[in-house]
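The values are calculated or read from the model by the stated rules, or taken from the named source; none is laboratory data. In this text the structure is predicted, and so the values were computed from the model without any measurement. Reconstructed Cβ throughout: ideal geometry from the backbone, glycine too, with neighbour counts over all protein chains shown.
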Amino acid sequence: MLSIKDLQVSVEGKPILKGLNLEVKPGEIHAIMGPNGSGKSTLAHVLSGREGYSVDAGTAAYKNLDLLDMAPEIRAREGMFLAFQYPIEIPGVNNTSFLKKALNEIRKHRGDEELDAIDFLSLIKKQMKLVEMKEDLLKRPVNQGFSGGEKKRNEILQMAVLNPTLAILDETDSGLDIDALRIVAGGVNKLRSEDNAFVVITHYQRLLDYIVPDFVHVLSDGKIIKSGTKDLALELEERGYDWLLEKAESPS
Amino acid sequence: MNPVNDENSTMSDEQQTIQNITDQDYKYGFVTDIEMDEFPQGLNEDIVRMISAKKEEPEFMTNWRLKAYRQWRKLKEPKWPKLEYDEVEYDELYYYAAPKTKDAPKSLDEVDPELLETFDKLGVPLEERELLAGVAVDAVIDSVSVATTFKDKLGELGIIFCPISEAIKEHPELVKKYLGTVVPYTDNFYATLNSAVFSDGSFVYIPPGVRCPMELSSYFRINASKTGQFERTLIIADKGSYVSYLEGCTAPMRDENQLHAAVVELIALEDAEIKYSTVQNWYAGNKEGVGGIFNFVTKRGLCAGARSKISWTQVETGSAITWKYPSCVLKGDNSVGEFYSVALTNNYQQADTGTKMIHLGKNTRSLIISKGISAGKSNNAYRGLVKVNNKAENARNYSQCDSLLIGDQCGAHTYPYLEIENPTAQVEHEATTSKVSEDQIFYLNQRGISTEDAVGMIVSGYAREVFQQLPMEFAVEAQALMSVSLEGSVG
């Protein structure tokens, strides 16, 4: 589904990703961990098409399409979803009409009929239960006046409604208390299927207690220096990153 | 306050897209081929007399026009607005133009089919409005009203809704009593010119205690080349009555600047309420700033009676130059004035717009919500006056003036004036300036929404408080207009 080869990315001339490789297949959950500044968020942004990053080398194929050549909205319509680390506020734009517009753009792209207001409302009400969100948040402007936890739940709600093929969760656990974390993770678990895949970027092992990954990758200085199963995350929790970093630095 | 960025940084992709969106051509640029009944160029007393004679006006009207003309000759064009433009050659303009129809049509069947087609192109087919929306349309193409609907139904309630030229002949007592009482013929350069040469416009009278059962609507259109457009509208809401009036307009594309100097007077007597909504989309000139309408409008409402209310809502997206300050004179005790405005400028458009709230009566209240949106290389200024007279005990005002910038080559300016002569007044003013951020656009992109739609959404969200004031169909039209006006602008 997603195949990244030797991806090298710089920001204002400064290399951030230095030859990253990653293969994600349908039905899989990949966790990407790593210390601050290792390039985790850059990866999420480059994959979703954010401006300001220059791809210096490498390729990224998504459903056999050249991902890096696609406009961000086309990537989204092709089923790629980014849950933002810091969800953006859009004053005055109603949360429900925003999400309805987004879903219908995606449906149009797929050649499906657009949903009318009634069908959309029943869909969103069903999906809201997944994230235990209060209904009044639907009537409010997008993310405006939402608490940190409400914003993250709103991201997962959007994910549940848009039903992506590939979802990237960029530090969705940051700033969440344990209850919110459980709800967000529960939402992800209910959405996972044989046909979709998740890339979960996180700083802490904690989230992986709730979203159990098939693979764990450690990103450091722009490269994946170690890949393993969920046990790797537990080992990292216990030992920190230093032992891995030292190992990566000493040529073997 | 001038957030214009002089740095010549290279355009980012987002800016390029904004540019593309705002660069879109004017969609309503076409000219209707209707024979015009034109007067010679220029302006003198004979032309004024000819206009009056042509319209078979009573003597009081002719004399009023002449007084205005003589006054106008003494006045100079104001230079204080933050606007730059080549001087208007008033002696080269035509001061009267009307479609060549012998007699006013009695029904839509009698209306020039080409004219109806014009409305179709604008997406406002009269017959549809008549059947579906229940809106009475007083259609004004160039200066003379050619179609009036629903007149009979309104007539049963005693409501008068007709071209002002007709009102002058059929209801001279009302016209004589109210015309020029809110905007006197001496008021200002443009209003004085209008008083001398106004060709037509709408007249509305709502009798005591009557709630007008439908939105009254008038579509204005400038159609003849080099024809100054001088509309005059007079609306009177008698005691305890209510009326909502809509004014909307688009114009065909032209190379030369066209002058428009309209006057609107509103009078609300005791316990009466007038809601006046405008969507203005005249040709704004091309991307290089050539052509476009010069729009110098005087709009003023008088809350004459106690507990009366006047509410202005405007969505201004067109014209090369907009000079417009819909105002309220709050004379009656406990009267209320409101002003809701969205002014969008793009390319080389210039707008200097705002309001005046004049508190004369006790316990008078006013509310100002102004949303300026600047894109391209345009300049957008809010200019507002809140004046509290020494006898206006317990007057209250709240003003909120926001500016939104799209790209870094445009300007936003705010000029609030306060004149408070009574210590019991409570006046609040808030102002903000913000930009459409790349983060917001990317967030919407990432949900599958194109940059054009994203900018349209962000801008509509920003202006929501004002759109909410518009009648439903109008609000939808206005939102569409915003997107059209911003197309080619993200830059």
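Test A:Gly13 against the stated conditions and say whether it is more than 26 Å from A:Glu237 (Cα to Cα), within 14 Å of another protein chain (Cβ to nearest Cβ) and out of contact with any Pro (no Cβ under 7 Å at 6 or more places or on another chain).
Details: more than 26 Å from A:Glu237 (Cα to Cα): yes; within 14 Å of another protein chain (Cβ to nearest Cβ): no; out of contact with any Pro (no Cβ under 7 Å at 6 or more places or on another chain): yes.
So A:Gly13 does not fit the description; no.
Going residue by residue through region B:361-381, is there one that turns out to be aliphatic (A, V, I, L, M), part of a loop (DSSP other than H, G, I, E, B) and over 30 Å from B:Ile441 (Cβ atoms)? Can you show your working first?
Just the residues of region B:361-381 that are aliphatic (A, V, I, L, M), to begin with: B:367-369, B:373, B:375, B:381.
Still in the list and also part of a loop (DSSP other than H, G, I, E, B): B:375.
Those still in the list that are over 30 Å from B:Ile441 (Cβ atoms) too: none.
Within region B:361-381, none of the residues are aliphatic (A, V, I, L, M), part of a loop (DSSP other than H, G, I, E, B) and over 30 Å from B:Ile441 (Cβ atoms).
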**OP:** Go through (1) of a type in the set (Lys, Arg); (2) surrounded by fewer than 18 Cβ atoms within 10 Å (Cβ to Cβ); (3) in a strand (DSSP E or B) one by one and return the number of the condition B:Lys391 breaks.
**Re:** (3)
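Going by the structure shown, is A:Ser227 surrounded by fewer than 16 Cβ atoms within 10 Å (Cβ to Cβ), within 30 Å of A:Asn64 (Cβ to Cβ), touching a residue at least 12 places away in the same chain (Cβ under 8 Å) and in contact with a strand residue (DSSP E or B) (Cβ under 6 Å, 6 or more places away or on another chain)?
Values: surrounded by fewer than 16 Cβ atoms within 10 Å (Cβ to Cβ): yes; within 30 Å of A:Asn64 (Cβ to Cβ): yes; touching a residue at least 12 places away in the same chain (Cβ under 8 Å): yes; in contact with a strand residue (DSSP E or B) (Cβ under 6 Å, 6 or more places away or on another chain): yes.
Criteria met by A:Ser227.
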Original post:
Of the residues in region A:157-187, how many are assigned to a helix (DSSP H, G or I) and under 19 Å from A:Ala102 (Cβ atoms)?
Top reply: 7
Subject >> Test set (1) at pLDDT 50 or above; (2) farther than 23 Å from B:Trp64 by Cβ; (3) surrounded by fewer than 22 Cβ atoms within 10 Å (Cβ to Cβ) - B:Phe119 fails condition number >> reply: (3)
Original post:
So which of A:Ile201, A:Ile224, A:Ile183, A:Ile211 is of a type in the set (A, V, I, L, M) and either more than 20 Å from the chain's Cα centre (by Cα) or farther than 25 Å from A:Asn36 by Cα (or both)?
Top reply: A:Ile183
Original post:
Which of (1) more than 28 Å from A:Gln205 (Cα to Cα); (2) among the small types (Gly, Ala, Ser); (3) within 10 Å of chain B (Cβ to nearest Cβ) is the odd one out, the single condition A:Gly79 does not satisfy?
Top reply: (1)
**OP:** Determine which member of the set A:Glu114, A:Glu194 is among the acidic types (Asp, Glu) and either more than 28 Å from A:Leu234 (Cα to Cα) or part of a helix (DSSP H, G or I) (or both).
**Re:** A:Glu114
Original post:
Which pairs have Cβ atoms under 6 Å, sit 6 or more apart or on different chains, and link a residue in region A:50-62 that is over 21 Å from A:Phe81 (Cβ atoms) and within 14 Å of chain B (Cβ to nearest Cβ) to one that is small (Gly, Ala, Ser) and surrounded by fewer than 18 Cβ atoms within 10 Å (Cβ to Cβ)?
Top reply: A:Ser54/A:Ser10
**OP:** Could you list, in sequence order, all residues of region B:330-363 that are within 28 Å of B:Gly376 (Cα to Cα) and polar (S, T, N, Q)?
**Re:** B:Ser341, B:Thr345, B:Asn346, B:Asn347, B:Gln349, B:Gln350, B:Thr353, B:Thr355
Original post:
Counting only residues that are within 14 Å of another protein chain (Cβ to nearest Cβ) and assigned to a loop (DSSP other than H, G, I, E, B), which one in region A:123-143 is farthest from B:Gln440 (Cα to Cα)?
Top reply: A:Arg140
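Hey, among the residues in region A:144-156 that are in a loop (DSSP other than H, G, I, E, B) and either away from chain B (no Cβ under 14 Å) or out of contact with any strand residue (DSSP E or B) (no Cβ under 6 Å at 6 or more places or on another chain) (or both), which one's surrounded by the most Cβ atoms within 10 Å (Cβ to Cβ)?
First pass over region A:144-156, keeping only residues in a loop (DSSP other than H, G, I, E, B): A:144-147.
Adding the requirement that they be either away from chain B (no Cβ under 14 Å) or out of contact with any strand residue (DSSP E or B) (no Cβ under 6 Å at 6 or more places or on another chain) (or both) leaves A:145-147.
On the way: A:Gly145: 10, A:Phe146: 18, A:Ser147: 10.
Ranking the qualifying residues of region A:144-156, first place goes to A:Phe146.
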Original post:
Filtering region A:87-103 down to residues that are free of Cβ contacts under 8 Å to residues at least 40 places away in the same chain and within 9 Å of chain B (Cβ to nearest Cβ), which residue is nearest to the chain's Cα centre (by Cα)?
Top reply: A:Lys101
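Residues of region A:134-144 being over 19 Å from A:Asn104 (Cβ atoms) and at pLDDT 90 or above, which ones?
Taking region A:134-144 first, the residues over 19 Å from A:Asn104 (Cβ atoms) are A:134-137, A:139-141, A:143-144.
Within region A:134-144, A:Arg140, A:Pro141, A:Asn143, A:Gln144 qualify.
Quick grid of which residues meet (1) buried (at least 24 other Cβ atoms within 10 Å of the Cβ); (2) among the hydroxyl-bearing types (Ser, Thr, Tyr); (3) touching a helix residue (DSSP H, G or I) at 6+ places or on another chain (Cβ under 7 Å):
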position	(1), (2), (3)
B:Gly305	no, no, no
B:Glu316	yes, no, no
B:Pro326	yes, no, no
B:Glu338	no, no, no
B:Ala343	yes, no, no
B:Ala351	yes, no, no
B:Thr355	yes, yes, no
Original post:
Taking B:Phe230 and the conditions (1) modelled with pLDDT of 85 or more; (2) in contact with a strand residue (DSSP E or B) (Cβ under 7 Å, 6 or more places away or on another chain), which numbered condition does it fall short on, given that it satisfies the others?
Top reply: (2)
Original post:
Are there any pairs, at least 6 apart or on different chains, whose C-beta atoms fall under 6 Å, with the first in region B:468-483 and farther than 11 Å from B:Val279 by Cα and the second in a helix (DSSP H, G or I), and if so, which?
Top reply: B:Ser483/B:Gly456
**OP:** Please work out which residue is nearest to A:Thr202 (Cα to Cα), limiting yourself to region A:13-71 and to residues that are crowded, with 18+ Cβ neighbours inside 10 Å and β-branched (Val, Ile, Thr).
**Re:** A:Ile32
Original post:
Applying the selection to region B:300-326, what residues are within 22 Å of B:Glu77 (Cα to Cα) and either among the aromatic types (Phe, Trp, Tyr) or without any contact (Cβ under 8 Å) to a residue 60 or more places away in the chain (or both)?
Top reply: B:Ser319, B:Thr322, B:Trp323, B:Lys324, B:Tyr325
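Could you list all residues from region A:104-115 that are within 25 Å of B:Ala463 (Cα to Cα) and more than 7 Å from every other protein chain (Cβ to nearest Cβ)? If you could, list the steps in order and put the result at the bottom.
Of the residues in region A:104-115, the ones within 25 Å of B:Ala463 (Cα to Cα) are A:104-105.
Listed by number, the list holds a single entry, A:Asn104.
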